[in-house]
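S.K.: Please find one structure pasted underneath; my questions will follow.
The values are calculated or read from the model by the stated rules, or taken from the named source; none is laboratory data. Nothing here was measured: the structure is a model prediction, and the numbers come from that model. Every residue, glycine among them, receives a Cβ derived from its backbone with ideal geometry; neighbour counts consider all protein chains shown.
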Amino acid sequence: MKRCANPHCNCLFTPSKYNPAQKFCGSDECKRFRDAQRQDRHYQENIGNQEWAQQHLERKKQERERRVEKQRRRDNGHELFAEQSAGLNKALMQLVAGIVSLISGAQDVESVESILHQCWRTGSEFYPDGIRP
Ligand SMILES: [Zn+2]
């Protein structure tokens, strides 16, 4: 048994038989801590090397650009979804109003809306939490 080297964890663990020198337990948080420490050590060891430092900056810049581009695509996706669902909502409401008018014979907006509200009330009394598929 060993103590995990992550000061936030400090738990007892049994090192893997394939890695008897293991310093961190197997939790995801401690693996992230280990990787962050390793990355930081690597950085400190190399930052004095001008060529490495230049490449490091370039890599970070590319990472940032990829991240920004990914977020931009995600935002576009959400926008598209909101547009589509607004369009769908509109079409659905038109369809329901049409059905109400055809079935009830109501010919004006006020009558159709009044029937719609009665339907909503009745529907939500039957299914207060909606209908689960
Ligand atoms: Zn740990």
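S.K.: Could you count how many residues in the stretch 19-34 are within 8 Å of the ligand (Cβ to nearest atom), surrounded by fewer than 17 Cβ atoms within 10 Å (Cβ to Cβ) and not charged (D, E, K, R)?
M.R.: Residues in the stretch 19-34 being within 8 Å of the ligand (Cβ to nearest atom), surrounded by fewer than 17 Cβ atoms within 10 Å (Cβ to Cβ) and not charged (D, E, K, R): 2 in total.
S.K.: If you don't mind, another one. Of the residues that make up the stretch 62-80, is at least one among the hydrophobic types (A, V, I, L, M, F, W, C) and in a loop (DSSP other than H, G, I, E, B)?
M.R.: No - not one qualifying residue is present in the stretch 62-80.
S.K.: Kindly indicate whether Glu58 is modelled with pLDDT of 95 or more and of a type outside the set (A, V, I, L, M, F, W, C).
M.R.: Yes.
S.K.: Pairs please, first residue from the stretch 88-112 and at negative phi and surrounded by 10 or more Cβ atoms within 10 Å (Cβ to Cβ), second anywhere and outside any helix (DSSP H, G or I) and of a type in the set (A, V, I, L, M, F, W, C), Cβ atoms under 9 Å, 6+ apart in sequence or on different chains.
M.R.: So the pair list comes out as Val100/Ala106; Val112/Ala106.
S.K.: Out of His56, His42, which single residue is assigned to a helix (DSSP H, G or I), away from the ligand (no atom under 16 Å from the Cβ) and touching a helix residue (DSSP H, G or I) at 6+ places or on another chain (Cβ under 9 Å)?
M.R.: His56
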